[in-house]
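Everything on this sheet refers to the single structure shown next.
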Amino acid sequence: MKTALEALERLRDGNRRFAEGIRDRTVGPSLLNRRMEVVDGQEPFAIVLGCSDSRVPAEIVFDQGIGDLFVIRVAGNIIAPSLVGSVEYAAALSGTCLVVVMGHSGCGAVTATVDELKRPMANRSPNLRSIVDRIRPSVDAVVEANEGMDRETLIALAVRANIRSSVSHLRHGSEVLEQLIADQRLLVVGAEYSLATGLVDFFDGMPEGH
């Protein structure tokens, strides 16, 4: 099992390849062979909780193959009890020691939340509103503190605030994860994927020097 820093470096290397349009030929040389290798069990080296946006598929963004990542996707990379439970399950599954909460530039769920704060929508469905309401607390302070800022910059700040909020929730909203972190058996970091460049910026919770 890789250490958190080794797992992080593997993700970074894979993302560099992806951004440069290079595919690692050693990753899943045969999909059939790899599929058969993981029939009886899995040992993902990292957990990625990301947005459901179709432009941000974690396995492709990090140039990884079948069985390499435990991926959880939900609009706005929000945190809810079932998602915390999924991370707990994956962390206990095989000692996976790295969790990445990955948002992305121009996130539609965050944009909807910013717009909702600026101009509430009475006809939003209860299901969509539940997503907006989970994002709202982290974005509210950003909107209030930056009155008059242009919309694009405001959304960029809100995206990062939402990522930090989800990271914090994982670190402090689960006794299981808190204990793993305290025992230095789990690292939870926040990252943002750029739709324009294809690069992932790891910016929250990174160990010093990394």
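Coordinate-derived values only; no laboratory data. Being a predicted model, the structure only gives us computed values, none of them experimental. Using ideal geometry, Cβ is built from the backbone for each residue, glycine included, and neighbour counts are taken over all protein chains shown.
Tabulated values for the structure
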{"quantity": "Ordering of 108-115, 94-101 by packing [mean C-beta count within 10 Å, highest first]", "calculated": "94-101, 108-115"}
{"quantity": "Fewest-first sequence of Glu144, Glu88, Glu192, Glu37 by Cβ atoms within 10 Å of each Cβ", "calculated": "Glu144, Glu37, Glu88, Glu192"}
{"quantity": "Computed helical MRE - 222 nm, the chain, DSSP H runs ≥ 4 contributing -39500 (n - 2.57), nearest 500", "calculated": "-15500 deg cm²/dmol"}
{"quantity": "Under the Karplus curve 6.51 cos²θ - 1.76 cosθ + 1.60, θ = phi - 60°, whole-Hz ³J(HN,Hα) for region 202-209, x wherever Gly or Pro sits", "calculated": "7, 10, 10, x, 6, x, 4, x"}
{"quantity": "Antiparallel DSSP beta bridges within the chain, as percent of all bridges there, nearest 5", "calculated": "20"}
{"quantity": "Neighbour-count ranking [beta-carbon atoms within 10 angstrom, fewest first] of Val71, Val87", "calculated": "Val71, Val87"}
{"quantity": "Largest-first ellipsoid semi-axes for region 46-165, taking √(5λ) over the Cα gyration tensor eigenvalues, angstrom", "calculated": "28, 15, 13"}
{"quantity": "Ranking of Leu11, Leu117, Leu199, Leu177 by count of other Cβ atoms within 10 Å, fewest first", "calculated": "Leu199, Leu117, Leu177, Leu11"}
{"quantity": "Estimated FRET transfer efficiency (Phe203, Glu9; beta-carbon r; R0 25 Å; 0.05)", "calculated": "0.95"}
{"quantity": "Amide hydrogen neighbours beyond the local backbone of Val48, cut-off 5 Å, H modeled", "calculated": "Phe70, Val71, Ile72, Val100"}
{"quantity": "Gain upon complete extension [Asn127, Val38; 0.36 nm per residue less C-alpha separation]", "calculated": "28.5 nm"}
{"quantity": "Rg to Rh quotient for the chain, alpha carbon positions, Kirkwood Rh", "calculated": "0.98"}
